[in-house]
Amino acid sequence: MINQMPSLSSMYRFQWEEAQSSYVLLYPEGMVKLSRTAGEILKRVTGKTTVKQLVSDLETEFPGSDLEPDVLNFLTEAEKNGWISF
Amino acid sequence: MAGSLSSISGKPLWLLAELTYKCPLQCPYCSNPLEISKYSNELTTGDWFRVLREARALGAMQLGLSGGEPLVRKDLEEIIAEAHRLGYYSNLITSGVGMDADRVAKFKTSGLDHIQISFQASDKELNDFLGGTSSFAHKLEMARAVKDQGYPMVLNIVLHQKNIEQLEDIIKMCVELKADFVELASTQYYGWSRLNIDYLLPTREQVTKAESIAKRYQTELEGKMKILYVVPDYYEKRPKACMNGWGSIFLTIAPDGRALPCHAAATLPDIEFPNVRDNSIESIWDDSNAFNKFRGFEWMEEPCRSCPEKEKDFGGCRCQAYMMTGNAAAADPVCDKSPHHADLQAEVALIEKTSANKNEPLIFRTMKNSKKYQTDKKLNLSQN
Ligand code: SF4
Ligand code: SF4
């Protein structure tokens with residue numbers, strides 16, 4: 001997974017919602033409010049960034065911890081939900 | 001299909017814009033009010049722009065463009081473009097009649113996110129009979145056009161006694177059309193479907209069978225096509241969490257500008273629903289009596305008031321409670337803790353026994369019939 005470049009599925013739209021102070025995923029007749037971490041990860045899911053790069057980006061922005069396991073877990077879950085694909 | 005919404009609330013997230021009650025179809029299960037003929041005084045394009053802007057400012061994200069048939073509105077493209085500009089995720093909920101491939105493409109450039117097409121059945125004969133017009137071939141064509149434009153495709157089929165036996169064929173048709181999502185919605189008995197309940201309510205046996213078919217395909221098609229199957233609640237023991245609670249996340253605007261906490265709410269007595277022509281969305285949502293009437297838990301009576309499950313289902317549907325008990329604050333009789341539950345079951349059993357032999361006359365949703373049948377049919381529960 002680490003060298004792959006995930007992208008958002010075409011069913012979903014990812015955007016910042018001022019009124020919720022959070023990122024959300026919007027899809028036909030539904031929506032999910034994302035946690036801060038989930039939002040920060042999905043923001044970097046562009047189809048042009050490898051998972052490795054994504055992790056190191058996050059570690060630069062939020063220094064002090066090993067984020068890789070969390071990111072991998074989240075991306076696996078997100079793929080299962082159909083939000084992203086590799 | 002709502003996601004995890006419980007963590008966010010307080011403001012409308014979902015705006016349902018019922019642009020018009022005009023419709024080229026005449027489905028006898030239509031959930032529009034019986035009084036459709038009284039709604040000719042429709043909001044203008046400018047009114048809708050203001051509604052969209054104000055609701056968006058409060059935090060609304062999802063926009064349903066519905067009706068009637070929203071395609072009847074000539075300004076639909078303009079409304080879609082404005083919704084897109086404001087950052088809505090916009091869903092067009094349509095029968096497909098009034099659309100052509102060009103219009104589908106134009107919606108795309110205007111920024112529409114998704115089109116949901118409804119089918120009445122999986123074959124031409126029944127589809128066209130139920131819709132009251134010849135529309136099946138056109139619907140197929142439109143479903144393909146929607147897919148060609150790269151929209152996520154959601155197909156919606158309202159299930160009832162007349163088509164529930166073809167469920168398997170319906171699902172196969174959806175697979176063939178490459179739907180991403182299929183909503184198999186059991187008829188909810190408000191408005192027109194209420195009038196026709198004797199002919200539409202499926203038997204318990206039909207429901208059980210349909211449920212197992214839906215489940216089988218859900219597993220089989222996992223990852224390819226999502227199937228949402230909404231069970232008919234008359235056969236349940238707990239009510240649905242109607243609208244996620246009154247005035248919690250849903251806001252419906254009827255064609256004449258009346259704001260409603262749910263699209264069937266206009267049937268409730270003694271509530272004056274505020275109109276967007278005279279009020280801001282914010283004042284309607286926060287301050288109007290109508291939106292506060294059944295908000296939260298204070299209004300509840302027993303058995304809901306002291307029930308540990310009240311935060312799960314909010315006491316069920318207010319319209320259903322009123323329709324069956326005459327009291328809009330009562331527990332939804334679908335709940336087996338409701339003192340009216342046994343009456344509901346007896347009534348359903350009676351319909352079940354006789355409905356198999358009943359065919360016509362279905363009462364179709366036409367303006368003429370609207371003038372004829374202006375009041376909701378009540379079930380004959382014991383206190384009536
Ligand atoms: S249910 Fe049928 S009649 Fe009612 S609005 Fe939809 S297409 Fe028109
Ligand atoms: S008694 Fe009321 S709150 Fe409790 S489960 Fe029944 S409908 Fe829901």
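The values are calculated or read from the model by the stated rules, or taken from the named source; none is laboratory data. Note that this is a predicted model, so its numbers are computed, not measured. Methodologically, a virtual Cβ is constructed for each residue, glycine included, from the backbone with ideal geometry; neighbour enumeration extends over all protein chains shown.
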Query raised in the report: Can you name every residue in region A:56-71 that is surrounded by 19 or more Cβ atoms within 10 Å (Cβ to Cβ) and without any contact (Cβ under 8 Å) to a residue 24 or more places away in the chain?
Result: A:LEU58, A:LEU67
Query - Selection status of B:ARG50, within 13 Å of chain A (Cβ to nearest Cβ) and in contact (Cβ under 8 Å) with a residue 24 or more places away in the chain - result: no
Report summary line: Scanning region B:337-384 for residues that are in contact with a Gly (Cβ under 9 Å, 6 or more places away or on another chain) and modelled with pLDDT of 80 or more, the one surrounded by the most Cβ atoms within 10 Å (Cβ to Cβ) turns out to be B:ARG365
Query raised in the report: Does region B:168-180 contain at least one residue that is in contact (Cβ under 8 Å) with a residue 60 or more places away in the chain and away from ligand 2 (no atom under 16 Å from the Cβ)?
Result: no
Query raised in the report: Could you say whether any residue in region B:78-88 is touching a strand residue (DSSP E or B) at 6+ places or on another chain (Cβ under 6 Å), crowded, with 17+ Cβ neighbours inside 10 Å and within 12 Å of chain A (Cβ to nearest Cβ)?
Result: yes
Report task. Determine which single condition A:ASP66 fails, assuming it passes every other condition in (1) more than 8 Å from chain B (Cβ to nearest Cβ); (2) touching a strand residue (DSSP E or B) at 6+ places or on another chain (Cβ under 8 Å). Result -> (2)
Requested in this report: Could you please find all residues in region B:293-311 being more than 7 Å from ligand 2 (Cβ to nearest atom) and either at pLDDT below 90 or surrounded by fewer than 18 Cβ atoms within 10 Å (Cβ to Cβ) (or both)?
Outcome: B:ARG295, B:GLY296, B:PHE297, B:GLU298, B:TRP299, B:GLU301, B:GLU302, B:ARG305, B:SER306, B:PRO308, B:GLU311
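Within region B:1-24, take every residue that is aliphatic (A, V, I, L, M) and modelled with pLDDT of 90 or more and give me the one that is farthest from ligand 1 (Cβ to nearest atom).
As a first pass, look at region B:1-24 and keep what is aliphatic (A, V, I, L, M): B:1-2, B:5, B:8, B:13, B:15-17, B:19.
Retained after the next criterion (residues that are modelled with pLDDT of 90 or more): B:13, B:15-17, B:19.
On the way: B:LEU13: 24, B:LEU15: 18, B:LEU16: 13, B:ALA17: 14, B:LEU19: 11 Å.
It comes out as B:LEU13.
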Report summary line: Flagged pairs (Cβ under 6 angstrom, 6 or more apart or on separate chains; first in region B:331-348, more than 26 Å from B:TRP246 (Cα to Cα) and away from ligand 2 (no atom under 11 Å from the Cβ); second part of a helix (DSSP H, G or I) and among the aromatic types (Phe, Trp, Tyr)) are B:VAL348/B:TYR234
Report task. May I ask you to verify whether B:LYS237 is more than 20 Å from the chain's Cα centre (by Cα), surrounded by fewer than 16 Cβ atoms within 10 Å (Cβ to Cβ), more than 14 Å from chain A (Cβ to nearest Cβ) and within 28 Å of B:TRP14 (Cβ to Cβ)? Result -> yes
Report task. Could you tell me which residue of region B:272-292 is farthest from ligand 2 (Cβ to nearest atom), considering only residues that are more than 14 Å from every other protein chain (Cβ to nearest Cβ) and surrounded by 19 or more Cβ atoms within 10 Å (Cβ to Cβ)? Result -> B:VAL276
Query raised in the report: For region A:25-41, which residues satisfy the criterion of being under 23 Å from A:LEU72 (Cβ atoms), within 14 Å of chain B (Cβ to nearest Cβ) and of a type outside the set (D, E, K, R)?
Result: A:LEU25, A:VAL32, A:LEU34, A:SER35, A:ALA38, A:GLY39
**Report entry** Top-ranked residue of region B:98-134 - restricted to ones that are free of Cβ contacts under 8 Å to residues at least 40 places away in the same chain and among the polar types (S, T, N, Q), ranked as nearest to ligand 2 (Cβ to nearest atom)
**Finding:** B:ASN127
Query raised in the report: Does region B:97-110 contain at least one residue that is within 14 Å of another protein chain (Cβ to nearest Cβ), in contact with a His (Cβ under 8 Å, 6 or more places away or on another chain), more than 15 Å from B:CYS27 (Cα to Cα) and not aliphatic (A, V, I, L, M)?
Result: no
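Against the definition (surrounded by fewer than 17 Cβ atoms within 10 Å (Cβ to Cβ) and either of a type in the set (D, E, K, R) or at pLDDT 90 or above (or both)), how does B:ARG194 come out, yes or no?
Here the answer is no, as B:ARG194 does not meet what is asked.
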Report task. Considering only region B:232-249, state which residues are on the phi < 0 side of the Ramachandran plot and either out of contact with any strand residue (DSSP E or B) (no Cβ under 6 Å at 6 or more places or on another chain) or modelled with pLDDT of 95 or more (or both). Result -> B:ASP233, B:TYR234, B:TYR235, B:GLU236, B:LYS237, B:ARG238, B:PRO239, B:LYS240, B:ALA241, B:CYS242, B:TRP246, B:SER248
**Report entry** Extreme residue, nearest to the other protein chains (Cβ to nearest Cβ), among residues of region A:1-24 that are within 16 Å of A:ASP70 (Cβ to Cβ) and surrounded by fewer than 20 Cβ atoms within 10 Å (Cβ to Cβ)
**Finding:** A:MET1
